[in-house]
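Step one of this worksheet: look at the structure below.
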Amino acid sequence: MEKVSVARFYMTPGANQLVLPNSIGVESECSVEFVTGRDEVLRLSRQLMEFSARCGQAGAMHDIAYFLSKPGALPRTPHLLLVSRTSGPNLRGRDFNHLLGLLLIFEQRMLGMGTGTFATNDRSGRGALIAKPSDRSRVVALTSRALLDRGARLILMSFRDEEGSTGRSSAMQLPLLEAGAHGRGVARWARRERTIPGYLPLLGTFDATLAKIGQRTRSNLRYYRRRAESRLGCVFVPRIEVSREDMLAFNSQCMYAAPAEVAGWRYDSLSELSDPVFMGLKDREGRWLSMLGGRRYEGRSELLWQLNRSGFAADSLGTVMRSYFIEHEIAHGSRRLYIEGGTPHPIKFSFVPEYLTDLVVVRRTLGAKVMRMVARRYISRGNELSHMLGAKDLEWQPC
């Protein structure tokens, strides 16, 4: 374990405002501890799952190994920030009883060195910030200040309201980030709220579930499945058993093929999931048409990735695969269907909406300005950090 660095702050109970250690009227102390590195974070897996369940976010920390190793544009180092109501949780004894909340965030690296750019790695916001709803704004403020005091140049956090919420909560109003050890004006921050398609409710039967989906999407899920069965002799394989080499070979024959290293990681990561999903479609000649990887947890099923053979655009293999997937997971007892990273498929319009908050913090230094320009140029346009750095309508606040 990297030597744990502790940043201590003081907070008036019941208030959404950080109070510096030299302030008058201090009533309680909070601390933030850093646990750095994949292996060190994984050692706390059981405690993280238990704590997320106590916070009403059951499942948020399941299969954390998958998300800790997920490839990105740049190498990343995971940091787990533990916010305690006392002088710090007892990491040696794995005691989370005094934990107020936690944040899982990643530092981008270049040429083997940290860049000071930190971002959460979960576009859904479900597995980044764990705390009871009434404590989440405090945890955001404390961890943001801890990262700044550790030298962060750019910070992006995407987090969400209480699991299952269908409306914005007043508990998620963020506090102003007050001045830290380096004085007021060291950085500035902005926030925004957005809505994402959350999940598809799965009812007791396939037909009952489809009845709640938009008419055109519902018709397509049935039509293209029947068409694939009659025209291609399509057969659903609920549990694939293929070698890594066979999957890589199939990946190279697919539309939107993943880079070989990413495809290999997808295959390898299935063995780290507590309840993996690996299913597919074959044609009448035994050729693979589609493969889908996912996971199950806490009565939920999540589609992590999908591959569809090139040359079959008119057959809408993606729609066919999802039709089988939905039916199979209903029979398996799942109550919700998630798609990791979202989907452009029209089925998203039948998903229950969920509300996220994005917070970006930018240090006022030349180095931070350089990193901001690099981020704008090299981070993909689909990345939320890129969106926020380029947004013209954000209201920036000093901190």
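The values are calculated or read from the model by the stated rules, or taken from the named source; none is laboratory data. Source: prediction; values computed, not measured. Every residue, glycine as well, gets a Cβ built from its backbone with ideal geometry; the counts of neighbours run over all protein chains shown.
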Original post:
How about segment 180-253: which helices (runs of 4 or more DSSP H) wholly inside it have at least 2 residues that are within 26 Å of the chain's Cα centre (by Cα)?
Top reply: 244-251
Original post:
Where residues in segment 340-399 are modelled with pLDDT under 80 and of a type in the set (Val, Ile, Thr), which of them is nearest to residue 144 (Cα to Cα)?
Top reply: 365
Original post:
Out of (1) modelled with pLDDT of 80 or more; (2) in contact with a strand residue (DSSP E or B) (Cβ under 6 Å, 6 or more places away or on another chain), what's the single condition that is false for residue 71?
Top reply: (2)
Subject >> Verdict on residue 265 being at negative phi and touching a residue at least 60 places away in the same chain (Cβ under 8 Å) >> reply: yes
**OP:** Evaluate the following for residue 314: is it surrounded by fewer than 18 Cβ atoms within 10 Å (Cβ to Cβ), over 30 Å from residue 193 (Cα atoms) and of a type outside the set (D, E, K, R)?
**Re:** yes
**OP:** Of the conditions (1) surrounded by 22 or more Cβ atoms within 10 Å (Cβ to Cβ); (2) assigned to a strand (DSSP E or B), residue 141 clears all except one; give me its number.
**Re:** (2)
**OP:** Taking the options 239, 309, 300, name whichever one is touching a residue at least 12 places away in the same chain (Cβ under 8 Å) and surrounded by fewer than 13 Cβ atoms within 10 Å (Cβ to Cβ).
**Re:** 239
Original post:
Do you know which of the residues in segment 78-104 that are surrounded by fewer than 21 Cβ atoms within 10 Å (Cβ to Cβ) and of a type in the set (S, T, N, Q) is modelled with the lowest pLDDT?
Top reply: 90
Original post:
Is there a residue being part of a helix (DSSP H, G or I), surrounded by fewer than 19 Cβ atoms within 10 Å (Cβ to Cβ), not assigned by TED's automatic domain parsing to the domain that holds residue 64 and not basic (Lys, Arg) anywhere in segment 334-349?
Top reply: yes
Subject >> Per-region count, segment 295-312, residues out of contact with any Gly (no Cβ under 9 Å at 6 or more places or on another chain), more than 16 Å from residue 251 (Cα to Cα) and small (Gly, Ala, Ser) >> reply: 0
Subject >> Residues satisfying the stated conditions in segment 301-320, i.e. more than 12 Å from residue 340 (Cα to Cα) and of a type outside the set (Gly, Ala, Ser) >> reply: 307, 308, 309, 312, 315, 317, 319, 320
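Return yes when residue 107 is modelled with pLDDT of 90 or more and surrounded by fewer than 20 Cβ atoms within 10 Å (Cβ to Cβ) and no when it is not.
Here the answer is no, as residue 107 does not meet what is asked.
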**OP:** Read through the list (1) exposed (fewer than 13 other Cβ atoms within 10 Å of the Cβ); (2) in contact with a Ser or Thr (Cβ under 6 Å, 6 or more places away or on another chain), then give the number of the only condition that residue 225 fails.
**Re:** (1)
